[in-house]
1. For each of 5, 13, count neighbouring Cβ atoms within 10 Å of the residue's Cβ, then give the residues from fewest to most.
2. Considering Cα pairs under 8 angstrom that are at least six residues apart, work out the relative contact order of the chain and quote it in whole percent.
3. With runs of 4+ DSSP H residues as the only contributors, calculate the mean residue ellipticity of the chain at 222 nm using -39,500 (n - 2.57) per run, divided by the residue total and rounded to the nearest 500.
4. Order of 24, 82, 127 from fewest to most other C-beta atoms within 10 Å?
5. Report the gain in length on full extension from residue 248 to residue 235: 0.36 nm times residue separation, minus Cα-Cα distance, nm rounded to one decimal.
6. Using every Cα-Cα pair within the range 1-83, state what percent have a distance larger than 23 Å.
7. Please report, largest first and rounded to whole Å, the three semi-axes of the ellipsoid equivalent to the range 131-262, where each semi-axis is the square root of five times an eigenvalue of the C-alpha gyration tensor.
8. Quick one: Debye curve from the alpha-carbon atoms of the range 22-129 only, equal weights, vacuum; give me log10 I(q)/I(0) at q = 0.23 Å⁻¹ to two decimals.
């Protein structure tokens, strides 16, 4: 992100471009993720079959890969899509959901990570474990604070030459040297399924318009999510009304509003 660019300028450009994002995500997240991208201003496509995933990734603006509901066929589709994205020099985002839970997930994640993601987006427990540390999580929910994952994120980003985004109460993004924290969101967000998975897809939308600066793309996407979540949390009566208001706010925010409300701290 240059000195003249802000999350708001990227939002304005993303919305004007409406990038096509290929989202390989889990069964639980598909509908939510598609609605999040549509509300934000991007165009989602849930294409995961090996027979077409690679071809589709060649003309999509970006690819996102979420391992939430794995199967051998899905892993094959993921690898085909990554091959297509890389051949066309498209950015791709890895969401290593509970990658430490089983041997199958660990092997699949290691194989995908070796293919060189542009951005890795995960919760603190996932990032700590992915960097070789020991987390306290046993399933998809993080049991570690984001602050505890910051050094692991820096190591992972440096070793893999990628951007690492750790999301939680306060988000943390790093390329191994630069870093930023993004404040906002709502305590209601963890009570709504698939919001984290949907955020990965939104990161892909921003990466599609800034393939040369995925750090800026990740910061802008997380800021968009955090501002919409914070305001929705103030207006909602509970998780159900939060879901509806959150989608509305993703759409209502414009570039000026985002820049006025975003709390991004450069480190």
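Please treat every number below as a calculation from the coordinates, not as lab data. The shown structure was predicted, so the numbers you read here are calculated from the model rather than taken from an experiment. Note: ideal-geometry Cβ built from the backbone for every residue, glycine included; neighbour counts use all protein chains shown.
1. Numbers: 5 14, 13 17.
Ranking 5, 13 by Cβ neighbours within 10 Å, fewest first, gives 5, 13.
2. Working: 580 pairs, mean separation 58.8, N = 267.
Taking the mean separation of contacting Cα pairs over the length of the chain, I get 22 percent.
3. On the way: 11 runs with 137 residues, N = 267.
It lands at -16000 deg cm²/dmol.
4. In order of increasing Cβ crowding within 10 Å: 82, 24, 127.
5. Values: separation 13, 0.36 × 13 = 4.68 nm, distance 1.15 nm.
Once the chain is fully extended between residue 248 and residue 235, it gains 3.5 nm.
6. Working: 950 of 3403 pairs.
Value for the range 1-83: 28 percent of Cα pairs lie more than 23 Å apart.
7. Values: eigenvalues 122, 72, 27 Å².
For the range 131-262, the ellipsoid semi-axes come out as 25, 19, 12 Å.
8. -1.34
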